[in-house]
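Structure record follows, encoded as structure tokens.
Here, each number is a calculation from the coordinates, and none is a lab measurement. None of the values given here were measured: they were computed from a predicted structure. Please note: Cβ atoms are built from the backbone with ideal geometry, for glycine as well, and neighbour counts cover all protein chains shown.
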Amino acid sequence: MHLDLTDLRLFIHIAEAPSLTQGAKRAFMSAAAASVRIKALESQLNTHLLYRDSRGVELTEAGQRLLKHARLIMRQVGYLKTEFDEYGADASGHIRIFANTTAVTEFLPEILAGFLARSPGVTVDLQERMSRDIVRGVLEGSTDLGVIAGPVAATGLQAIHFSTDTLVLVVPKGHPLDSPAPVKLAEALGYHHVGLQAGSTLQEFMTEQAERLGQHLTWRIQVTSFESICRMVEAGVGIGVIPESAARRHIRTMDLSIIPLDEPWSVRERSILVRELQALPGCIRALVNLITTGNAPAVAP
């Protein structure tokens, strides 16, 4: 069997479009030429890869399997090119990161700012994703690395622990829950909550914890940052669950109380997920090293 990289790249474009015409356009070829190549690929693999109709295309089960392998192959080809780039092994490249809400909004921006300042040949695509999508993205090769909090239930991945994320309850001064004693989530569910926008990993996580208790969180308002949550809480709009690091920072300028949560899930291990660290380009290994140890070699041309 001989698989052509052009065919694999074309197949990925079509799968992500998802239409043969749009996929062909992304691959800079005509729809007719793309159709011939896909039919030849199906013939070589002896299976149907796409369902075709007037609305576009849909991947068959075999097509879904090929897409996973194709993404991994093309990403590895990209790594190979990066390793032999004119700048050297770790001076240039593109890094895609899937991360949870806390990572995207709290600590990664500062880390990436310093890293990119020292690495002029590196570009980064940082995307906030749900935990399950982060794991799937690393497994399937649609992202180079993932940053996640909590246990990782996936084989075939390396989980590199780098810190601990503790969730706490923030309430306005004088609130009925304003006490040094830790509280159960069930005690807090009787009050209006201020949270992040729908789709954030933390919002989804807290919704799941409430549902496990057979209850629901009542969202008074959903905002875009932990600072906004704290300002709403200070104003008496509701209470909120946020990382302790964020709460400690904002309590310096806001009249809030931090209440520990008496829940086993409130302490979550932060980890970086990769398929195989040593197989990644030097620029990605340098970033992983920076996140985990606070040190990274200068990546200069």
Q: Let me have the 222 nm mean residue ellipticity of the chain computed from DSSP H runs of 4+ only, each contributing -39500 (n - 2.57), with the sum over all residues rounded to the nearest 500.
A: -12500 deg cm²/dmol
Q) Relative to the longest principal Cα axis of the chain, at what angle does helix 108-118 sit, 0 to 90 degrees, rounded to 10? A) 50
Q: Taking trypsin sites (Lys or Arg not before Pro) as candidate sites, keep only those in a DSSP loop with at most 16 other Cβ atoms within 10 Å, then name the longest stretch of the chain containing none of them.
A: 56-172
Q. If each residue's Cβ is checked for other Cβ atoms within 10 Å, how do 98, 205 rank with the fewest at the top?
A. 205, 98
(Q) Quick check: net charge around residue 265, other residues with Cβ under 12 Å of its Cβ, Lys/Arg +1 and Asp/Glu -1? (A) -2
**Q.** Theoretical FRET efficiency, 1/(1+(r/R0)^6), r = Cβ-Cβ of residue 127 and residue 187, R0 35 Å, to 0.05
**A.** 0.50
Q) In the neighborhood of residue 234, defined by Cβ-to-Cβ distances under 12 Å, what is the net charge if each Lys or Arg adds +1 and each Asp or Glu adds -1? A) 0
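Summing +1 for each Lys or Arg and -1 for each Asp or Glu, what net charge is found among the other residues whose Cβ lies under 15 Å from the Cβ of residue 195?
Within the 15 Å Cβ shell, the charges total -3.
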Q) Given 0.36 nm per residue, what is the gain on full extension from residue 53 to residue 158 after removing their alpha carbon distance, in nm? A) 33.8 nm
